[in-house]
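Worksheet for the structure shown next.
The values are calculated or read from the model by the stated rules, or taken from the named source; none is laboratory data. Fair warning: this is a prediction, and the values are worked out from it, not measured in the lab. Positions of Cβ are generated from backbone atoms using ideal geometry, with glycine treated the same way; all protein chains shown enter the neighbour counts. SASA here: full protein model, heavy atoms, side chains in, ligands and nucleic acids out. Shrake-Rupley method; radii C 1.70, N 1.55, O 1.52, S 1.80 Å.
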Amino acid sequence: MIEIDKVSKAYGAGKSRFMALNDVSVTIRKNEFFTLLGPSGCGKTTLLRVIAGFVDPTEGSVTMDGQDLLVLPPHRRPVNTVFQSYALFPHLTVRQNIAFGLEMLGKPKAEIAQTVDEMMALVQMTAMADRQTGQISGGQQQRVALARALAPKPKVLLLDEPLSALDFKLRKDMQIELKRLQTETGITFVFVTHDQEEALTMSDRIAVMSAGSIRQIGSPHDIYEQPAERFVADFIGDTNFLPVQVGTVQGDMAEVTLSSGKTVAARAVLGGQGGGTTLAIRPEHTRLVPPDQGLLQGRLENVVYFGTDTHYHVAIGKDETIVTRAQNLPGSVAQFKTGDTVGVDFPAGVGQVLKD
Amino acid sequence: MSDLAQSREKQERRNRWLLLTPALVILLIAASGPLLITLTYSFLTPGDYGGVEWRFSTEAWFNVIFQRDIFDDTLGFADAHLSILWRSVKLSLMTTIGAVILGFPTAYFIATRPPHSRDIWMLLIMIPFWTNLLIRTFAVMELIRNEGTVNSLLIWSGVIDQPIQILFTETAIMIGMLYVYLPLMVLPLYASMERLDFNLVEAGYDLYATRFAVLRRIILPLVKPGLIAGSILVFVPSLGAYVTPRVMGGGKQLMLGNLIELQFGQGRNWPLGAALSITLLAIVMVALIFYVRSAGREEVGHG
């Protein structure tokens, strides 16, 4: 278990002072697949490097199982990193790369050989054992980097955007592979990515970061279905933002009035203080209906075909647009064409009122 | 089709050779010519007033290592030559080792600076290199002579009360050569360290390697080509150094270069000078073969 408490990291001083991390607190549980998700420059890699020991935080503490990590130099911390660039040693073979950490720990030769064999089998690289790292493909290098970091059996494995250099198909395979490795080894994974889909498919929990601080922590389901604020809703998946007026709040449900004047029930986690003037709703939760039905009415501006589904862009009023997504099922025919006046409807309770 | 391609290929090959001819001719005349003359001279008889007489003799080569006693004609090793040879190799090796010890941290320091300040550091290393060799040597002389800066400072601070005799010793020659040839070590070392991916250093620390282990297991193997190139670049000119040992050794501590000069000048023994030159060349060749072979291995290793 890693406890990160009020960690800040500032670069520069005076006017050019830049907070790479701003008062970040998070607890990473044992054996979980924890993802730090955010756009580039949000501080996710800095936080990972704080845990690894390559960045000293300006303030705050980092402990692992009660032990202060910050007093330990990187080579004494029981964590290993899979680097974005893999950072495989070019002068060593695949086998020597994987053995490196174990040799540094001073393990007996027989044990090293056995562990390395196990690791190569785990990542299916046994056939490549004596190749130089320059002679294998990007995906294979990725596997070697993983095996090298897993071989010393760290308590925590840190992964810094390890899949970003791979092509689409390989990335998909490696996502499943990584999840399998995490389950098999039972090691805590801290995974950094800017790819929301990657985060959603692999993680047990996700921390969404922006501008040096954590905006929301939760399971993929929570993050997607109940984004706490506009940034999170916008960053994860596609979202429609509708201007609303919040009426009566009961528990975590609120009565909201749309621009059309119609009211609908929506989730609201406003912490009792009221407020909130934006309703977030996912495109797939809305559907097109004939113009006299539904909660909103507008003009169908654009129809975009995506293969698995079709996106309908509907202009409501002057500067309000809503996107509706419909799955392309066998036999389904487009009911509406561009220029038609259509209605947009969504069920009660699926929208989310956002904190301002 | 293949006929056409073949004739074009032949044409191209002929053109290539034609273009190479001027360079090859100059190389043949300017590089191999003098070498052949030197080799020929080493097998001739010395003239009475310098120069050579065209009579075949292996006396010169014999004299490189042996000498005949002038009184009883008994054979003995040419102690003077051997000690000069030994001093040359020893001082050159020590200069090379010293250059590695000083140059490695320097190159590492420069390579780890932010990119825009690296050029300034490299310039500071290069400026002395662009200065006249004699001036640089006299500058070192000024530092280490008995009334020089170092001794004055040491006496003033009370560490010693008699000046240490450094000038006109082997140490002085080594210090001089070290100063003169250090940039030749820093340059290739810096070039290979600049290309070093410092992620690999981090990866080393991450995999439980101590600072020393990272240096030995990761940095050293990766900058080895630069280290070897730098060592050759320092060792070879040190071996044949003439000005530095002449000035810093005060004519008492001869090196190979001085010995050769002596044979062509006051010694009036051109064949011996020529034989000694070829000997020097042979030692350099051995060093270069060592370099080429280890560099070649590196190439294969990296695949």
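Dividing the convex hull volume of the alpha carbon atoms of segment A:2-230 by its residue count, what do you get in Å³ per residue?
On the way: hull volume 30.6 nm³, N = 229.
Once divided by residue count, the hull of segment A:2-230 is 134 Å³.
For peptide A:337-345, what's the mean number of Cβ atoms from other chains within 10 Å of each residue's Cβ?
0
Work out which residues of segment A:40-77 lose at minimum 20 square angstrom of accessible surface when the other protein chains are put back, relative to the chain isolated, with a 1.4 angstrom probe, and list them by number.
A:Arg49, A:Phe54, A:Pro74, A:His75
So what's the gap between the Cα centers of segment B:64-122 and segment B:149-180, to the nearest angstrom?
Here the answer is 19 Å between Cα centres.
Calculate the tail of P(r) for segment A:88-133: the fraction of all Cα-Cα distances greater than 15 Å, expressed in %.
38
Among the lysines, which have Cα under 22 Å from the Cα of A:Lys6 when same-chain residues fewer than 8 positions away are ignored?
Candidates past the 8-residue exclusion: A:Lys30, A:Lys44.
Build a GNM of chain B with springs between Cα atoms under 10 Å: which of B:Ser152, B:Ser192, B:Ser231 gets the top mean-square fluctuation?
Looking only at B:Ser152, B:Ser192, B:Ser231, the largest GNM fluctuation is found for B:Ser152.
On the Cα set of segment B:83-201, report Rg and Dmax in Å, please.
17.2, 52
Would you list the P(r) distribution for the protein assembly as shown, with all Cα-Cα distances sorted into 20 Å bins from 0 and each bin expressed as a whole %?
Histogram of Cα-Cα distances, whole percents per bin: 13, 30, 27, 18, 9, 3, 0.
Quickly estimate the mean residue ellipticity at 222 nm for the protein assembly as shown, helices only: each DSSP H run with n ≥ 4 gives -39500 (n - 2.57), and the total goes over all residues, rounded to 500. Mind showing how you got there, number by number?
Values: 22 runs with 300 residues, N = 659.
Per the formula, -14500 deg cm²/dmol.
How large are Rg and Dmax for segment A:238-354 when calculated on the C-alpha trace, in angstrom?
14.7, 48
What is the interface area between chains A and B, defined as buried accessible area summed over both chains with a 1.4 Å probe, reported in Å² to the nearest 100?
Counting protein atoms only, the buried area is about 2100 Å².
List the residues of segment B:43-63 whose backbone N lies under 17 Å from a point placed 7 Å from the Cα of B:Arg268 along the Cα-to-Cβ direction.
Within reach of a label on B:Arg268, which here means backbone N under 17 Å from a point 7 Å along Cα→Cβ, segment B:43-63 contributes B:45-54.
Based on the Cβ-Cβ distance of A:Met1 and A:Ser137, what FRET efficiency does E = 1/(1 + (r/R0)^6) give at R0 = 30 Å, to the nearest 0.05?
Working: r = 37 Å, r/R0 = 1.22.
Efficiency computed from Cβ-Cβ geometry: 0.25.
At a 1.4 Å probe radius, carbon and sulfur cover how many percent of the accessible area of segment B:68-302?
That fraction is 68 percent.
Count, for each residue of A:93-104, the Cβ atoms from other chains sitting within 10 Å of its Cβ, then give me the mean as a whole number.
3
Working out 0.36 nm times the residue gap between A:Thr341 and A:Glu111, then minus their Cα-Cα distance, what length gain in nm do you get to one decimal? Walk me through the intermediate numbers first.
Working: separation 230, 0.36 × 230 = 82.80 nm, distance 7.19 nm.
Additional length available on full extension: 75.6 nm.
Can you tell me the Rg and Dmax of segment A:110-208, counting just the alpha carbons, in angstroms?
For segment A:110-208, the Cα-based Rg and Dmax read 13.7, 43 Å.
Across the residues of B:192-203, average count of Cβ atoms on other protein chains within 10 Å? Don't jump to the answer; show the numbers that get you there.
On the way: counts 0, 0, 0, 0, 0, 6, 1, 7, 8, 1, 8, 15.
Going residue by residue through B:192-203 and averaging, the value is 4.
With the contact rule set at Cα under 8 Å and sequence spacing of 6 or more, what percent relative contact order holds for chain B?
25
So, in nm, how far is label B:Asn199 from label B:Phe109 when the simple model puts each one 7 Å beyond its Cα toward the Cβ?
Going from the B:Asn199 label point to the B:Phe109 one covers 2.9 nm.
Running a GNM on chain A with Cα contacts under 10 Å, which residue among A:Thr324, A:Thr257, A:Thr338 ends up with the highest mean-square fluctuation?
Greatest mean-square fluctuation among the candidates belongs to A:Thr338.
Which value results for Rg/Rh of segment B:170-303 when Rg is the Cα radius of gyration and Rh the Kirkwood radius based on the inverse mean 1/r? Intermediate values should be presented prior to the final figure.
Numbers: Rg = 19.7 Å, Rh = 17.4 Å.
In segment B:170-303, Rg relative to Rh is 1.13.
Please work out the ratio of the alpha-carbon Rg of chain B to 2.2 N^0.38 Å and round it to two decimals.
Taking N as the residue count of chain B, the ratio is 1.29.
Among A:236-245, B:157-166, what's the highest-first ranking by average C-beta atoms within 10 angstrom per residue?
Answer by packing, highest mean first, reads A:236-245, B:157-166.
For A:Ser210, enumerate residues with amide H under 5 Å from its amide H, sequence gap 5+ or separate chain, H modeled in the peptide plane.
So A:Ser210 has HN proximity to A:Arg215.
Measuring from a point 7 Å past the Cα of B:Ile37 along Cα-to-C-beta, which residues in segment B:259-290 have an amide N at less than 20 Å?
Flagged as within label range: B:260-282.
Just the accessible area per residue of the protein assembly as shown, please: how many Å² with a 1.4 Å probe?
The answer is 52 Å² per residue.
With the full set of protein chains in place, find how many percent of the accessible area of chain A is carbon and sulfur; take the probe as 1.4 Å. Don't jump to the answer; show the numbers that get you there.
Values: 8100 of 16170 Å².
Carbon-and-sulfur percentage of accessible area, whole number: 50.
Most fluctuating residue of B:Asp72, B:Asp206, B:Asp197 in a GNM of chain B with Cα springs under 10 Å: which is it?
Checking each option, the largest mean-square fluctuation is seen for B:Asp72.
Only Lys, Arg, Asp and Glu count, each charged at its Cβ (+1, +1, -1, -1), so figure out the dipole size of the protein assembly as shown about its Cα centre, rounded to 20 debye.
It works out to roughly 820 debye.
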